[in-house]
Structure formats: structure tokens, C-alpha cells
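What follows is one structure encoded as C-alpha cells, with my remarks underneath.
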Amino acid sequence: MCGIVGYIGKKEAYPILIKGLQRLEYRGYDSAGLALINSQGNLNVYKAKGKVADLEAYCVGKDISGCVGIAHTRWATHGEPSSVNAHPHYSASGRLALIHNGIIENYLTLKEKLSSRGIAFQSATDTEVLVQLIEYIMTSNDIGLLEAVQVALHQVIGTYAIAIVDRMHPDTIICARQSSPLVVGFDAEDNFYLASDASPIAEYTDQVVYLNDGDIAVLQRGQKLHVVNLDNVTQHPKVKQIDVTLGQLEKGGYPFFMLKEIFEQPDCLRDCMRGRINADRDKITLSAVIDFREKLVSARRIIIVGCGTSWHAGLIGKQLFESLCRIPVEVEYASEFRYREPVIFKDDVVVAISQSGETADTLAAIELARKAGAFVFGICNAIGASIPRMTSTGVYIHVGPEIGVASTKAFTGQVTVLSMLALTLANERHTISEERYKEMVVELTQIPDKMEQALKTNEQIERLAPIFTYAKNCLYLGRGYNYPVALEGALKLKEISYIHAEGYPAAEMKHGPIALIDSEMPVFVIATRDKLYEKVISNIQEVRARGGRVTALVTEGDTRIRQLADHVIELPDTLECFQPLIASIPLQLLAYHIAVCKGKDVDRPRNLAKSVTVE
Ligand code: G6P
């Protein structure tokens, strides 16, 4: 959470910083700020509570000149959202300004030490301690900024991606990383960019370096990028090419990124399968499985770890691996797994799922699994993020940058990769017949077309949405593969419309939630035609008998449920195991349209952030 961006070069920094913050706003948006050093050597710091647009409004009429600057969009951890607590924070003398993403865990100890030496603090943040500490070390030891940063970071416990400017040295930005992402971009014209991810940089250059933990980068005008570690040993991080296109970072005519991303899903899944499923549609090739065949095929057990939507995808993965590959699977919240002393065997395969590849709890779960000697397989979207770099191998979902905070296309991308992985392992382990394997591969390739059909429900859902805006609580019911779809549908609604919603296995409803059902509570049932169809019809009857209002997702042509439900939404038929890829679409649209009807900021729901880099 929190997004950081910086620029030093020949151009005016302000527009680059503002645009960069807008691209990073998905990481947090309760306050924002920037620091610029102008040509007279003045360090101007501007901060505002609220979104980046509020910062821009605040900067009108101010001196925003300068070719060097840093900027930050915040998701509060220590200290309420306010302009005082917004970054950049500056040092006591006003000489240094610093931005930070992460948490300084020992900030209170450091703060007490600095306060006892007469340093006054302005904010309630952990971050301010860093900038004060660096200046204190600089002045009391009479050393330069780089050395002071190295000494300070040796004293710090926690996570950080930081960037610092010094008004006495306006030709340099220093940045450093420990467990929070940081990318540095550069071009041949002596411009340097830094950011939490590549999206603010992609417009200007495709040459980037993803810093590693412990790296400190010196971005100095007229010099090549210089990277050292905390002990001043020169590092040689690899230069990578970014492949994000500008179109992927813009809304493309849609009012919100979320809607754009919902509609992109058919193409995203085509991209996800491209080059992995052959033209004859009878073979899936995942290079990660070729390279580590033995480890994966002989897995004694699979443990899936993830958070939020990624955890929901994991629940679908469990059913796929168990039914197709006959491998036992456990699905764990990464945040619970990491603190639970789990039993991990050396022949376990731990599958870590994460859109951002930066979720702190998932990273910690991977670390735990690695220490226990398990083989760790990553399923990630963000290219070059921490998770793909720290796992033994893995598969990118290749759905392009996801900007809307509520995950949509990443979810269906994750389920598609899990489907391809399960089919590959099942084929290798001979737990399904060759014929069945081929039928399923063909069906998987047809999913994007069926998604397009499912997206045609948009208008119907837009018409229905106003009916549900009054609701205080909603229930989502599904069974089998559709149970995680119910969980995900409920999560989408909670996240962006702030209506309380619960996903439940339909048959479990009678063990509790049934007590809540009355005519005020909308009940959404995923009732597509599968082996549990008849049972789900009984569950719908149970809801109806208590006056509940049912909206059902059904397979096209279904006439039975039409007689029972208040509303039906028809979906194309597919194999039961791929149904989540289709059924999640109307639930994403439903959450979206309800939130729009309620006037909510769909892409930036309150209190949430897209990338949760704190535990
Ligand atoms: C946050 C996001 C969710 C996401 C979860 C896990 O809570 O708001 O949309 O599912 O983090 O993120 P990851 O990047 O690890 O998939």
C-alpha cells in the first residue's frame, strides 16, 4: 500500500509526478503529497488530505517548478489520514524530504531516542522517524546522505521502499528497498524515474531495474545508475524491459477501470492461454511444469496460499486439483498460515497466488514454506514482482495491469492458470483419460467466447441493480465449484458498495443464515446446471418458503428456476469446473452497477488498497 514516485532529469518534474501518482492511486488514496526542488534550490513540499485530485487543486498557484521531485499517495497505517501525516516528511532543518511505503516497526524506540536529543516531530507517522534519523546521523557524524542512509537503515526494523531528496544536493535522489516494491527507470537522455511499480514509468522508458531487498540506488544527474547495499558494496541488478502498453493503463472510454477490466476478460483469458494451448487445442504446455516436472507430478500434497480474491481462486484450484489430479489440497489464508506452525513436508508443493505479487502475508507464507523445504510455485500477474522472484518457478496469468481495486480479471486469470495447471498434472499423472483431457482443453479454449456471451447480461443487470441499493445485507449461495463464486460475488459487493454480504455453501444456509432471511434480504443463488442442480433448487425453495427474494444465475434455457426465482440471469453452459469463469461475470457486474447506483467511487473504495504490503 502507498504508492511512491520520483523523477530527476531535464524535464519539469510536477506533471510526471502527478501522472505517476494517478497511476499508483490504486495503492492508497487517503492523502497525497510531493516535494520539488526548484532552480533556486528551494525545497517545496505540498500535501493534501484526500485523493491526488485534491493535491492537484491544492498546488494551483504554488511554485511547482523544478526538475527533481518525489511524490506519494498514502494508505494510512500509523496516524490518521491528514495533510500533516501525508508524505513527504521532512527533516528538522527542512533540508531533507522523504517518502515511504512500508512500516518501520521499531519507530517508537527510534522516536524516543531522537526526541531525547531534542528533535521535535510533526506527525504521528512511523515514516517521519526515518527522515529525522537520517538527518541526525548526517549532522552528528558529518557524513554525506548516502552514508547516513546506510547507517540509518542498519538501525531500522521493518519494511520500506523510500526515496529522499536533499535541497543541498539537488542533483541526486536516493532510494532504497526492503520488502516493499521499487522500480527505477532510465533513458538515454539522462532522466531517471522511480516508482512502486512500472506503470508511472512505462510512458517514458522501457528500461527498468527492479531493486532487490537491501539495495540502495543513487539517481544522480549526469551519472549512470549506481546501486549499492547497506554495506556500500556495489550491486549489479539486471536491466529489464517493461512490456506494459499505455492503452493498458488508461480507461479506454469506460467510466471506471473496474468496468473496463470486467469487459476485458475474454481477451485477457485468450492472452493467458496464448502460446500455452496449441493450435489443435489438444495440448497444454506450461514451461514451469516441463522444467520441474518431477517435483510437481509427484507432489504428495498441494497447499495453496493467498489473500482476498486470490484465496477464492485457490478454493477453486483445490477442487480442480483434487478431482482431476487426485492430489490432496489445502487452501490457506496466507496471513493465518504464516503464524500457525503448519506441518509442511519436503514433497509438498506450495502454490502462492497473488495478483500484485507483493502481498506481505503471502510473501511471508512463501518464506515459511521455503524454509520448511517445500517447493514453491507462484501464480502472479505483476511482472517482475517479489513473488515471481522468490518462488522456485511459476506461471504469470498475463491479464495486463489491473487497476480497479476490486479484482476481476485477475480472478478469472488465476482460475484459468489453475485449470491449465490441473489439466497438465492430471494428464501427466494419468488421473484422467487422454480423451477427457482433450475435451476439457477444447472447452477451456471456448471460455472467452462464452464470457463474451455472459457479458451481454450487462444491460439486464444494470436495470436490476437499483432494486438492490436499499439492501443492508445480501446472501450469496452456491455449491461445489460455485461456492467460491458465491464468496467472490459477496466480496465484490462488500468492497465497492459497502453493503454487507455473505457467501455461503447453499446447503449450509439452513445451519444459521436462514434465520436472517426475510423479504428485505436479497439472495443471489448460483444455480447453473451441474450435478448439484437439483439440490440447489431445494435450497431456493427453502429461501422462498421464508419470503426471501431470489435472483438466480441459471444455465440458458432453464425453465424450472424461472418459476421459482424473482429474477433469473441466463448464462452459457460449460463444464462444471469452468463454470466459475462464466458465473463470476454477472456477479462482478452486479456489484459494479449497485455501487454506481449508490454513487460510490468504484475504483477507489474506502479503506481498501489494491496491493497490501503491510501485514
Ligand atoms: C487486497 C485487494 C484484493 C486482493 C488482495 C490480495 O485486499 O484489495 O483485491 O484480492 O489484496 O492481493 P494479491 O495481490 O495478493 O492478489
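The values are calculated or read from the model by the stated rules, or taken from the named source; none is laboratory data. Since the structure is predicted, the reported quantities are computational estimates derived from the model, not experimental observations. Positions of Cβ are generated from backbone atoms using ideal geometry, with glycine treated the same way; all protein chains shown enter the neighbour counts. Protein only, heavy atoms only, side chains kept; ligands, DNA and RNA dropped before computing areas. Shrake-Rupley method; radii C 1.70, N 1.55, O 1.52, S 1.80 Å.
Structural remarks
- Measure of compaction for segment 251-454 (Cα Rg per 2.2 N^0.38 Å): 0.98
- Extent along principal axes [Cα atoms of segment 186-319; Å; largest to smallest]: 54, 45, 33
- Residues whose placed amide H lies under 5 Å from that of residue 332, excluding near-sequence neighbours: 304, 305, 306
- For the chain, adding -39500 (n - 2.57) for each run of n ≥ 4 DSSP H residues and dividing by the number of residues yields -11500 deg cm²/dmol at 222 nm.
- Bridge type composition, the chain - antiparallel percent by DSSP, nearest 5: 60 percent
- Taken about its Cα centre, segment 458-597 carries a charge dipole of roughly 300 debye when the Cβ of each Lys and Arg holds +1 and the Cβ of each Asp and Glu holds -1.
- Translational diffusion of segment 458-597, estimated by Stokes-Einstein from the Kirkwood radius over alpha carbon pairs at 10 °C in a medium of 1.306 mPa s, is 110 µm² per second.
- In sequence order, calculated HN-Hα J values of segment 197-206 (Karplus, 6.51, -1.76, 1.60; Hz; x Gly/Pro): 9, 6, 4, x, 9, 3, 5, 10, 7, 10
- Rounded percent of accessible protein surface that carbon and sulfur make up, the chain, 1.4 Å probe: 49 percent
- For the pair residue 449 and residue 330 in one chain, pulling the backbone fully straight at 0.36 nm per residue adds 39.7 nm over the alpha carbon distance.
- Dipole moment magnitude, nearest 20 debye, the chain about Cα centre, only Lys, Arg, Asp, Glu C-beta charged: 500 debye
- As a ratio to 2.2 N^0.38 Å, the alpha-carbon radius of gyration for segment 141-186 is 1.23.
- Top positive-direction residue, dipole computed over the chain with Cβ charges, set 136, 476, 421: 476
- Peptides 23-31, 147-155, 111-119, 458-466 ranked from most to least packed, by the mean per-residue count of other Cβ atoms within 10 Å: 23-31, 147-155, 458-466, 111-119.
- In degrees, nearest ten, helix 107-116 long axis to first principal axis of the chain (Cα): 20 degrees
- Charge-dipole axis of the chain as Lys and Arg at +1 and Asp and Glu at -1 on Cβ define it, positive-most pick from 490, 362, 109: 490
- The chain, accessible area per residue, ligands and nucleic acids excluded (1.4 Å, Å²): 38 Å²
- Options 44, 545, 306, ranked by Cα towards positive dipole end of the chain, top entry (Cβ charges): 545
- Protection proxy ranking of 520-528, 325-333 - average other beta-carbon atoms within 10 Å, highest first: 520-528, 325-333
- Rounded to whole numbers, the Karplus 3J(HN,Hα) couplings from phi for segment 100-105 are 8, 10, x, 9, 8, 6 Hz, using 6.51 cos²θ - 1.76 cosθ + 1.60 with θ = phi - 60°, and x at Gly and Pro.
- Magnitude of the charge dipole, segment 300-358, Cβ model with Lys/Arg +1 and Asp/Glu -1, debye to 20: 160 debye
- Using θ = phi - 60° in the Karplus curve 6.51 cos²θ - 1.76 cosθ + 1.60, the 3J(HN,Hα) couplings for segment 484-496 round to x, 5, 5, 4, 5, x, 5, 4, 4, 5, 4, 4, 10 Hz; x is entered for Gly and Pro.
- Average silhouette area of the chain, convex hull of alpha-carbon atoms, in square nanometres: 28.2 nm²
- Gyration tensor verdict on segment 100-150 (Cα atoms; rounded if a/c is under 1.5, prolate if a/b is larger than b/c, oblate otherwise): oblate
- Using distinct alpha-carbon pairs, which all enter the 1/r mean, Kirkwood radius of segment 1-118 in Å: 14.5 Å
- Highest mean packing first, where packing is the average number of other Cβ atoms within 10 Å per residue, the peptides 244-253, 296-305 line up as 296-305, 244-253.
- Segment 283-319-segment 1-34 distance, computed between alpha-carbon centres (Å): 36 Å
- Note that segment 3-248, at 37 °C in a medium of 0.692 mPa s, gets a Stokes-Einstein diffusion coefficient of 187 µm²/s from its Kirkwood radius over C-alpha pairs.
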